[in-house]
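Below is one structure, written out as structure tokens; comments come after it.
The values are calculated or read from the model by the stated rules, or taken from the named source; none is laboratory data. Because the structure is predicted, anything quoted here is derived from the model rather than measured. So basically every Cβ, Gly included, is an ideal-geometry build from the backbone, and we count neighbours across all protein chains shown. SASA here: full protein model, heavy atoms, side chains in, ligands and nucleic acids out. Shrake-Rupley method; radii C 1.70, N 1.55, O 1.52, S 1.80 Å.
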Amino acid sequence: MSLYYNRYHNMTDNGKPKPMPFITLPNKATDKFIKYEQGVTRFDKLSNQYYGNSLHGWLIMQGNAEFGGIEFTIPNGSIIRVPFPFQKSLQDYENAVNRYLKLNG
């Protein structure tokens, strides 16, 4: 598995960045769920545990849109969904970005 995935590669216009939409990932029967513990749970660590590297915490955040974009504001005891498996979740992300681009140019 490739360690780094450039999630911004579709979001440039002649080398200039476009605003990045918040993409919501669909639920899958294979997703994993954990209880969030403030001061203990970190998305980079969850990424390492479930994806084999610490670089995809952003993908876990995409699977938890109800908490916004900042993991440190998640209420203690919340249930966190880890989109799983990794490759399928990454493809879901790509599909959502492509749908967004098709609708919004």
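Examine the stretch 45-52 for a residue that is more than 12 Å from the chain's Cα centre (by Cα), in a loop (DSSP other than H, G, I, E, B) and among the charged types (D, E, K, R), and state whether such a residue exists. No; the residues of the stretch 45-52 include none that is more than 12 Å from the chain's Cα centre (by Cα), in a loop (DSSP other than H, G, I, E, B) and among the charged types (D, E, K, R). Could you check, for the stretch 88-99, whether at least one of its residues is at pLDDT below 95, over 18 Å from K28 (Cβ atoms) and either open to solvent by 50 Å² or more (accessible area, probe 1.4 Å) or assigned to a helix (DSSP H, G or I) (or both)? Yes: the stretch 88-99 contains one or more residues that are at pLDDT below 95, over 18 Å from K28 (Cβ atoms) and either open to solvent by 50 Å² or more (accessible area, probe 1.4 Å) or assigned to a helix (DSSP H, G or I) (or both). One residue stands out in the stretch 62-83 among those that are of a type in the set (D, E, K, R) and in a helix (DSSP H, G or I): the one that is surrounded by the fewest Cβ atoms within 10 Å (Cβ to Cβ), namely E66. Within the stretch 15-28, residues that are closer than 25 Å to K88 by Cα reach partners that are modelled with pLDDT of 75 or more and among the acidic types (D, E) with beta carbons closer than 9 Å, at six or more positions or on different chains, in the pairs I23/D92; L25/D31; L25/D92; P26/D92; K28/D92. Going residue by residue through the stretch 20-41, is there one that turns out to be over 27 Å from G77 (Cα atoms) and not basic (K, R)? Yes: one or more hits.
Counting the residues of the stretch 14-61 that are open to solvent by 100 Å² or more (accessible area, probe 1.4 Å) and either hydrophobic (A, V, I, L, M, F, W, C) or touching a Ser or Thr at 6+ places or on another chain (Cβ under 8 Å) (or both) gives 4.
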